[in-house]
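Working notes, structure below.
The values are calculated or read from the model by the stated rules, or taken from the named source; none is laboratory data. Predicted model, so just to flag it, every value in this text is computed and none were measured. Cβ atoms come from the backbone with ideal geometry, glycine included; neighbour counts cover every protein chain shown. Side chains are part of the model used for accessible areas, which takes the heavy atoms of the whole protein and leaves out ligands, DNA and RNA. Shrake-Rupley method; radii C 1.70, N 1.55, O 1.52, S 1.80 Å.
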Amino acid sequence: MTTGPAPKPGILDIAPYVGGKSRIEGVAEPMKLSSNENALGAGEKAREAFQAATANIHMYPDGRAAKLRQAVADLHGIEPERLIFGNGSDEVFALLNQTYLRPGDNIVTGQYGFLAYRISAKANEGIVKLAPEPGFKAEVEALLAEVDDRTRIVYVSNPSNPTGSWNSGEEIARLHAALSPDILLVIDEAYAEYVTEPDWETAIPLAREASNIVVTRTFSKIHGLGGLRIGYGYAPLSVAEAVDRIRLPFNVSVPGLEAATAALGDEAHQKASRDLIQTWRPRLTQALRGFGYDVLPSAGNFVLVRFGGAERARAANDYLNAKGIIVRPVGGYGLHDALRITVGTEDQNRAVIDALSEFAAQA
């Protein structure tokens with residue numbers, strides 16, 4: 001009996017990415033705090049642009065994303081031709097892995113680095129090397145210790161999901177200086193717009209002068225456009241041109257391009273989104289620590305809460321679900337004792353605090 005076509009080596013060894021769940025059986029409208037989405041949704045300007053774009057959804061999008069490309073370039077003061085646009089920044093990672101990894105090559109990332117880096121590396125028959133993060137943060141020396149003569153890409157999430165940790169500008173510069181010029185350093189700044197920590201710096205200025213740095217951003221977080229799937233990378237021109245040879249020609253949609261361009265100009269929505277996080281992230285952290293939970297410092301729009309054991313974390317997740325609240329177990333990262341909780345609206349945050357207060361009291 002034939003078994004049909006066989007996937008290439010490594011495909012069946014990949015654990016599929018599982019997004020945050022969005023439903024609870026028997027709950028009509030649960031509070032979804034599992035995917036780090038913007039609790040305020042998309043801004044008015046983005047929604048209006050999306051609606052207007054429906055008049056043109058019978059037409060193919062601009063494959064070069066010219067209008068959005070110029071808007072991003074103007075925002076950061078960078079060269080538009082060095083931008084790579086993707087179906088979320090996830091696709092930018094996949095394109096980089098596809099462009100630069102040969103079978104047996106490896107990527108290096110932190111122990112808790114975003115799973116998307118690993119999935120597409122393995123899909124390209126690459127090896128994933130994880131640097132230990134005993135302090136739940138990427139460490140320069142640990143990353144460098146994993147680099148060898150088959151390393152092609154080093155990935156750093158800054159800030160990092162799911163831990164919330166961040167690396168200073170000095171640490172990123174030191175990491176880059178120690179890497180061989182033929183190794184690509186990818187800095188994933190998906191949560192950059194939420195950062196207030198004074199030692200954090202965007203790597204965009206560093207990338208502007210380097211021949212081997214890519215900085216990625218997304219419209220899924222502060223801009224509230226997760227459902228439209230748009231991200232970008234700022235890369236050396238040679239990298240952008242190489243990636244463009246394999247990028248699908250119409251990988252970002254017409255409504256997505258229009259909504260993203262409008263979102264960049266909606267400073268009021270960005271400020272409201274930042275203000276919500278800056279107000280409630282410390283309050284949520286303080287309250288949950290007061291109940292005895294270990295809440296890691298976070299520079300993103302979420303907090304990682306540790307419960308002292310996997311069984312206790314599962315029980316807390318079940319208790320929250322029973323209250324109609326969905327958060328994110330992060331066992332896929334090896335953090336079986338923790339839950340990641342997106343900072344939501346005031347009502348949502350208060351519901352989380354009340355529920356976890358009750359849960360703590362039952363211990």
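Just check segment 168-299 against the gyration tensor rule for me: Cα atoms, a ≥ b ≥ c as the square roots of the eigenvalues, rounded for a/c under 1.5, and otherwise prolate or oblate depending on whether a/b exceeds b/c. Here segment 168-299 falls in the oblate category. Per residue of the chain, the DSSP helices (runs of n ≥ 4 H) give a summed -39500 (n - 2.57) that works out to -11500 deg cm²/dmol at 222 nm. Annotation note: chymotrypsin sites (Phe, Trp or Tyr not before Pro) in segment 143-207 located in DSSP loop regions with a Cβ neighbour count of at most 13 within 10 Å are absent. Entry note, segment 1-156: relative contact order of 21 percent, from Cα contacts under 8 Å with a spacing of 6+ residues. Read through the labelled values [x] 60, 58, 49; [y] 67, 57, 31; [z] 54, 48, 39 and report the label of the one computed as Cα extents along the principal axes in Å from the structure. Of the labelled values, this structure produces [x].
Kyte-Doolittle mean at least 0.0 and Cα extent at least 15 Å along the axis: which DSSP H helices of the chain qualify? Going by DSSP H runs, the hits are 254-264. When both bridge partners sit in the chain, DSSP labels roughly 50% of those beta bridges antiparallel. Taking every protein chain into account, the accessible area of the chain amounts to 44 square angstrom per residue (probe 1.4 Å). Taking the accessible area of the chain, probe 1.4 Å, and keeping the other protein chains in place, the carbon and sulfur fraction comes to 53%. Computed over protein heavy atoms with a 1.4 angstrom probe, the accessible surface ordering of Glu91, Glu241, Glu189, largest first, is Glu241, Glu91, Glu189.
Which net charge results for the neighbourhood of Tyr112, defined as the other residues with beta-carbon distances under 9 angstrom from its beta-carbon, given Lys and Arg at +1 and Asp and Glu at -1?
Working: positive: Lys137; negative: Glu133.
Residues close to Tyr112 contribute a combined charge of 0.
The distance separating the Cα centre of segment 158-174 from that of segment 319-359 comes to 24 Å.
Within segment 181-290, antiparallel bridges make up roughly 50 percent of the DSSP beta bridges whose residues both belong there.
Enumerate by residue number the chymotrypsin sites (Phe, Trp or Tyr not before Pro) in segment 241-319 meeting two conditions: DSSP loop (anything except H, G, I, E, B), and at most 12 other Cβ atoms within 10 Å of the site's Cβ.
Details: sites: Phe250, Trp280, Phe291, Tyr293, Phe302, Phe307, Tyr319; in loops: Phe250, Phe291, Tyr293, Phe307.
Passing sites in segment 241-319 are Phe250.
Taking Ala28, Ala142, Ala178 in turn, the Gaussian network model of the chain (Cα-Cα springs below 10 Å) assigns the largest fluctuation to Ala28.
Over the chain, what is the relative contact order in percent, taking alpha-carbon pairs closer than 8 angstrom and at least six residues apart?
Values: 689 pairs, mean separation 84.9, N = 363.
Computed over the chain, the figure is 23 percent.
Taking a threshold of 24 Å on the Cα-Cα distance, which of the pairs Lys271/Lys323; Lys32/Lys271; Lys129/Lys221; Lys32/Lys137; Lys137/Lys271; Lys8/Lys129 fall above it? Show your work: numbers first, answer last.
Numbers: Lys271/Lys323 31 Å; Lys32/Lys271 22 Å; Lys129/Lys221 28 Å; Lys32/Lys137 26 Å; Lys137/Lys271 27 Å; Lys8/Lys129 21 Å.
Checking Cα-Cα distances, Lys271/Lys323; Lys129/Lys221; Lys32/Lys137; Lys137/Lys271 exceed 24 Å.
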